[in-house]
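Student: Sharing a structure, written as structure tokens. Questions coming.
The values are calculated or read from the model by the stated rules, or taken from the named source; none is laboratory data. Computed from a predicted model, the values in this text were never measured in an experiment. When the accessible area is computed, the model is the full protein with side chains, heavy atoms only, and any ligands, DNA or RNA have been set aside. Shrake-Rupley method; radii C 1.70, N 1.55, O 1.52, S 1.80 Å.
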Amino acid sequence: MLIYNTSEKKEVVLLRSLFTILFISLFTALSMTGCMDPYQIIHKDSPAIIYGDKFNQETRLTLDGHYDKRNYSFKGTLTLGDNKLENVIITNGFSLRFYEGATRTSIGQGFFDHKSLKLSFEVTDPVIYKLITSESYDGASELVVSSPACTLEEAKRVTEELRRMKAPYEK
């Protein structure tokens, strides 16, 4: 049988209370992280510039979908002028691609900042190149889409800024 004096009893009760509060706080913190939404809803409608060796045109660019914070990628719909691409995935620094059923089309390298909603991507797919420009792709001509931008200079600035920016998983 253990015999405690009054001050020892108070210390034991205080330690138990402290451990209980610590346990409840830890449980609450872990529960809250599981409840946080990993998706950021994206709706962007802004001016864009399509530019390259043989092309320079202003258009509208719309993104509708969500940014997956766990996988660092946008998933949704991209509309460029009258051309709508569904099931688009943009992974910053890697690629912009879309799916039609089981068919995957890689449009080109994409850069996307989910915080400022800036987007720039190269078009290297011949079908998409023709869809955007109405011209055949020769395999060498540069074609870039940048948004938001109203002038060629703004478009080039957006592209350079996004290319220099580190991806979230690089930090």
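Student: List, in order, the whole-Hz ³J(HN,Hα) value for each residue of the stretch 39-56 obtained from phi through the Karplus relation with A = 6.51, B = -1.76, C = 1.60 and θ = phi - 60°; use x for Gly and Pro.
Tutor: Values per residue, Gly and Pro as x: 10, 10, 5, 10, 9, 10, 9, 8, x, 9, 10, 9, 9, x, 4, 10, 8, 7 Hz.
Student: Check cross-link reach from LYS130 to the lysines: straight Cα distance under 17 Å, and skip same-chain residues fewer than eight apart.
Tutor: Counting by Cα, and skipping residues close in sequence, LYS130 has these lysines nearby: LYS54, LYS84.
Student: Quick one: which residues, 5+ away or cross-chain, put their amide H under 5 Å from the amide H of SER95? H built at 1.01 Å from N.
Tutor: Amide H neighbours of SER95: GLY110.
Student: So what are the ³J(HN,Hα) numbers for the stretch 98-110, from phi and the Karplus equation (6.51, -1.76, 1.60; θ = phi - 60°), rounded to whole Hz, Gly and Pro as x?
Tutor: Once rounded to whole Hz, the list reads 9, 10, 10, x, 8, 8, 9, 10, 8, 6, x, 5, x.
Student: Measuring from centroid to centroid over Cα atoms, what is the spacing of the stretch 42-107 and the stretch 139-165 in Å?
Tutor: Taking the Cα centre of each part, the stretch 42-107 and the stretch 139-165 sit 14 Å apart.
Student: Can you tell me which aspartates and glutamates have their Cα less than 14 Å from the Cα of LYS44? Leave out same-chain residues fewer than eight positions away.
Tutor: Hits, sequence-local ones excluded: ASP64, ASP113.
Student: Something else: Using amide H atoms built in the peptide plane, which far-off residues or other-chain residues are under 5 Å from THR124 H to H?
Tutor: Result for THR124 returns GLY108.
Student: Something else: Which whole-Hz couplings ³J(HN,Hα) result when phi for each residue of the stretch 61-73 is put into the Karplus expression 6.51 cos²θ - 1.76 cosθ + 1.60, θ = phi - 60°, listed in order with x for Gly and Pro?
Tutor: 10, 10, 10, 10, x, 9, 9, 8, 5, 6, 9, 6, 8
Student: What accessible area per residue, rounded to a whole number of Å², is obtained for the stretch 39-171 using a probe radius of 1.4 Å?
Tutor: Per residue, the stretch 39-171 has an accessible area of 52 Å².
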